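Below is one structure; the comments refer to it alone.
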Amino acid sequence: MDQHASRRDLLLTSLMAALPLGISGAAASPLNPEQTIIKPPDALQWQTLPPFPPGSVDNVALAGQTTAPGLYYTLVRWHPGYMSAPHFYSTDRYCMVLSGIWWCNSGADFDPAACVPVPAGSYVRRVALTPHYDGVIKSHNEPVVIAICGIGPVNFTLSDPSKPPWREV
């Protein structure tokens, strides 16, 4: 028996078996909310975590926790005029800018004027144990929303623990 013909016949048989269902207009099964979990934007519960001041930065934990072992996925929203103080994490963080402009820099010396604007659609990887800071400069009128994923615990550590974890800019 020709192997190529057998494979071809198997593929064609599978295709033909599926074809009548696609043409007949048969209804698809309904979405199972236990298998596909959807949260529209108005269902997300943004929180300002202490010790950050209200209106500075908000967070939504979508999966896992940054303080617990394992995978986490979170949304962070920085409001204009606030940035993080220089800090680092013990694990890498993988970030996508979803909306707005995120202002980022590396190093332990805080200098918002040296930050790089990172527009929506951009990817940023924060390398473990390297100091950095970020947020939204005051002259911008919209917050930035960042999706962040990584492996916890992240062990947030300030470069200068004598100062608060945020800066007004």
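Which one, Ser29, Ser99, Ser159, has the greatest fluctuation when you compute a Gaussian network model over the chain with C-alpha springs under 10 angstrom?
Ser29
Tell me what the chain gives for mean residue ellipticity at 222 nm when only DSSP H runs of n ≥ 4 count, each as -39,500 (n - 2.57), the sum divided by the residue total, rounded to 500 deg cm²/dmol.
Mean residue ellipticity at 222 nm (helix-derived): -4500 deg cm²/dmol.
The chain: longest stretch without exposed chymotrypsin sites (Phe, Trp or Tyr not before Pro) (DSSP loop, at most 14 other Cβ within 10 Å), sites themselves excluded? Mind dumping the intermediate values first?
Working: sites that count: Trp46, Phe156.
The longest uninterrupted stretch comes out as 47-155.
Have a look at Ile151, Ile38, Ile137 and tell me which one the Gaussian network model of the chain (Cα, springs below 10 Å) gives the largest fluctuation.
It is Ile38.
If you average the alpha carbon positions of the range 71-88 and of the range 94-143, how far apart do those two centres end up, in angstrom?
Each part's Cα centre sits 9 Å from the other's.
Relative contact order, percent, of the range 41-168 when contacts are C-alpha pairs under 8 Å separated by at least 6 residues?
Rounded, it is 34 percent for the range 41-168.
Throw me the Rg/Rh for the range 41-168, computed over C-alpha atoms with Kirkwood Rh, two decimals.
When Rh is taken as the Kirkwood radius, the ratio is 0.92.
May I ask for the net charge around Thr74, where only other residues with Cβ less than 12 Å from the Cβ of Thr74 are counted and Lys, Arg are +1 while Asp, Glu are -1?
So the surrounding residues net to +1.
Given springs between every Cα pair under 10 Å in a Gaussian network model of the chain, which of Thr74, Thr36, Thr91 has the largest fluctuation?
Evaluated over the chain, the most mobile residue of the options is Thr36.
Explain nothing, just compute: Karplus ³J(HN,Hα) = 6.51 cos²θ - 1.76 cosθ + 1.60, θ = phi - 60°, for every residue of the range 51-67 in order, whole Hz, x for Gly and Pro.
Per-residue couplings from phi come out as x, 6, x, x, x, 9, 8, 10, 9, 10, 7, 8, 7, x, 9, 5, 8 Hz.
Pull out a ≥ b ≥ c, the square roots of the eigenvalues of the alpha-carbon gyration tensor of the range 38-97, then state rounded if a/c is under 1.5, prolate if not and a/b is larger than b/c, and oblate in the remaining case.
oblate
Would you mind checking which residues have amide H under 5 Å from Tyr82's amide H? H placed 1.01 Å from N; only 5 or more apart, or other chain.
Sorted by chain and number, the residues that satisfy this are Val136, Val169.
Read the figures in this text as sums done on the coordinates, not as results from a lab. Just so it is clear, the model here is predicted, and its values are computed rather than measured. When we count neighbours, we look across all protein chains shown, and the Cβ atoms used for this are built from the backbone with ideal geometry, even at glycine.
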